[in-house]
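*Asks:* For reference, the structure I am asking about is given below.
Derivation of every value follows stated rules applied to the coordinates shown; laboratory data play no part. Owing to the predicted nature of the structure, the values given are computational and were not obtained by experimental measurement. For neighbour counting, all protein chains shown are included, and Cβ atoms are generated from backbone atoms with ideal geometry for every residue, glycine included.
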Amino acid sequence: MDYVVIADAYERIEGTTKRLEMTDYLVDLLKNTPKEVISRVVYLTQGKLYPDFEGIEMGVAEKLAIKALTRASGSSESIIQKELQKSGDIGKTAEQQLAKRKQSTFFSKKLTVEHVYETLDKLAKTSGSGTVDLKMALLSGLLTDASPKEAKWLIRTVTGNLRLGIADMTVLDALAIAYGGGKETREKIERAYNISSDLGRVANVVADLGIEGIEKFQVMVFEPIRPMLAERLGAPEEILEKFGGKCIAEYKYDGERVQAHKTGNKVKLFSRRLENISNQYPDAVNLIREQLDAKEAIFEAECVAVDLETGDMRPFQELMHRRRKYGVEAAITQYPISLFSFDLLYVDGEDLTKQPLPQRRKRLQTIIKLNDRLKPATQKTVNNPRDLEDFFEEAIEEGCEGLICKSISKDSVYQAGNRGWLWIKYKRDYKSEMTDTVDLVVVGAFHGRGKRVGTYGALLLATYNPEDDTFETVTKCGTGFTDANLAKLYETLQRHIVPRKNSRVKSTLEADVWFEPYMVLEILGAEVTLSPIHMTAMDAIRKGSGLAIRFPRFTGNYRTDKSPQDATNSKEVLGMYNAQLKKIGETLF
């Protein structure tokens, strides 16, 4: 398959802001893709070579890309730097420079998807001495053979700035239309993705075997299942009403959620963002290897920092000292952990995700050899508000954030990759005004003034709306940032700048700079108010009004453990607003 076919499709997708048109162009691309390379085309369209959990990145910095472009184009590095400053897009700069190429290459060959992928794969896996030179040689070789248009998309791909505005959900829609028989099969294809986190494997199966193959799609150890998420409510009565009067309440620990995979003596841990974090928690890996009585298993647990002398749980901030590449052994001693398991998803060949929670939990308890460092999360079955409130107070006293209340009905399956009312968070701060934090996505920024000239003065933040896979603005935040924060944000966000508002972002405000939804920040505000300019829960309370967070402040916590789709969603903010009104009414009367 010629690589120019992909480049042409990307050009058409980039040229529209309409989601339906984007999907149509992607459907055409997938239909014209030979089955033997469809997984590679899907990965490249995601801007990667493998699913995220493989941890393989191309790792090409802008500096290296400029040097490779210099070699391929014949232009000087200073000229390329100057053009890049004007365009702000290394892809466009590559296109412009190769269009001006004075010397034609007589021995250049037509680029194919296979050759591009294999070269990028070699580039990504290069390590050791001479890595930089070899990566530059591989990339400049591709650029030398590329047309200006192909060079634009190649260099955007390797630097992690594809800027297509296409999310995984759009790819699923396109696969359903192209190979599943229509958009109505999207749900089945999405489930396959949710239990594998591998869009390339899903594409292979549906292209080769159709929807029948997808229906037989299996959970596999070491392919992380996308985590189930919870809604939230602020009163025991409301929670029990949702569950028909009875539920399991479980401690909500102040730690890091991990998904553990085991086969024999091999163990891997994945974060809620599906990153392999096994190297950060070798003590947890050993615990699972020694204390889990199963040949194969996938289970979820909360990894919590603990004081081994007192047994007391430590706050999440201390656990974050474990997220490092070096000095892990010292961190193990300084910040020891315990694992509190709360769900079993797979064991010894049996997929449990379609079984009710009580059955999953019962099986979990049979395979854990208990000790002080690995044990099931504390839970209780409750059927009245007083018991739920008492258990809540007990959890707070033990150093937890609150409770996760879970349905125990026959329909209480594991909803991989989805947020629903089968799980409900109950935290103390939801009972009053907004003293609880929210996790918001950075979608734009405004230039700084005075001391902040050269950085960002304020960030435009958004909630996530899972119903249409968009990000809805909810506040502008310029408070709580130290000089170090501002410098780090500016540097990190530079690579995620897009030339115009991302098609998934809903905003009436015009930011000075727009970003692809990527970074999640923890924010604390004073209250949730009606707003004529912000888009979160627009028209839900009053026609023409959305919701906004008033007096927001950055807490200093970068939610690197959360993807943009895991951020606080629009319905949660609406629930907080309604709970706030209810509390005010109780106070007045």
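*Asks:* Taking the simple approach of a point 7 Å from Cα along Cα-to-Cβ for both Ile533 and Val5, what is their distance in nm?
*Replies:* According to this spin-label approximation, the distance is 4.8 nm.
*Asks:* Around Lys188, what is the net charge, scoring Lys/Arg as +1 and Asp/Glu as -1 over all other residues with Cβ under 14 Å from its Cβ?
*Replies:* Residues close to Lys188 contribute a combined charge of -1.
*Asks:* Any idea what the relative contact order of region 61-149 is, in percent, if you count C-alpha pairs under 8 Å spaced at least 6 apart?
*Replies:* This gives 42 percent for region 61-149.
*Asks:* Near the amide H of Gly165, under 5 Å away, which other amide H atoms are found, from residues 5 or more places off or on another chain, if H is placed in the peptide plane?
*Replies:* none
*Asks:* Continuing with the same structure: Relative contact order for the chain using alpha-carbon pairs under 8 Å, separation at least 6, rounded to a whole percent?
*Replies:* It comes to 12 percent, rounded to a whole number.
*Asks:* If you take the alpha carbon radius of gyration of region 3-158 and divide it by 2.2 N^0.38 Å, what ratio comes out, to two decimals?
*Replies:* 1.04
*Asks:* With +1 on each Lys and Arg Cβ and -1 on each Asp and Glu Cβ, and nothing else charged, work out how big the dipole of the chain is about its Cα centre, in Debye to the nearest 20.
*Replies:* 1520
*Asks:* Here's something else I'd like to know. Taking amide H positions as placed in the peptide plane 1.01 Å from N, state which residues far from Cys247 in sequence (5 or more) or on other chains have amide H under 5 Å from it.
*Replies:* Val382
*Asks:* Return the lysines within reach of Lys427: Cα separation strictly under 17 angstrom, same-chain partners fewer than 8 residues apart disregarded; answer none if there are no such residues.
*Replies:* Within the straight-line limit of under 17 Å, Lys427 reaches these lysines: Lys242, Lys252, Lys380, Lys406, Lys571, Lys582, Lys583.
*Asks:* Further question: Just in region 289-332: which GluC sites (Glu not before Pro) are loop by DSSP and have at most 14 other Cβ atoms within 10 Å?
*Replies:* Glu309
*Asks:* Beyond 27 Å between alpha-carbons counts as too far, so tell me which of Lys266/Lys325; Lys246/Lys362; Lys18/Lys63 fall in that bin.
*Replies:* Lys18/Lys63, as the Cα separations exceed 27 Å there.
*Asks:* Placing +1 on the Cβ of each Lys and Arg and -1 on the Cβ of each Asp and Glu in region 3-158, which of Ile80, Ala146, Ser127 has its Cα farthest towards the positive end of the resulting dipole?
*Replies:* Ile80
*Asks:* Take the Cα coordinates of the chain, assign each an equal point scatterer, and use the Debye formula without solvent to give log10 I(q)/I(0) at q = 0.06, 0.08, 0.11, 0.13 Å⁻¹.
*Replies:* These q points yield log10 I(q)/I(0) values of -0.33, -0.61, -1.17, -1.57.
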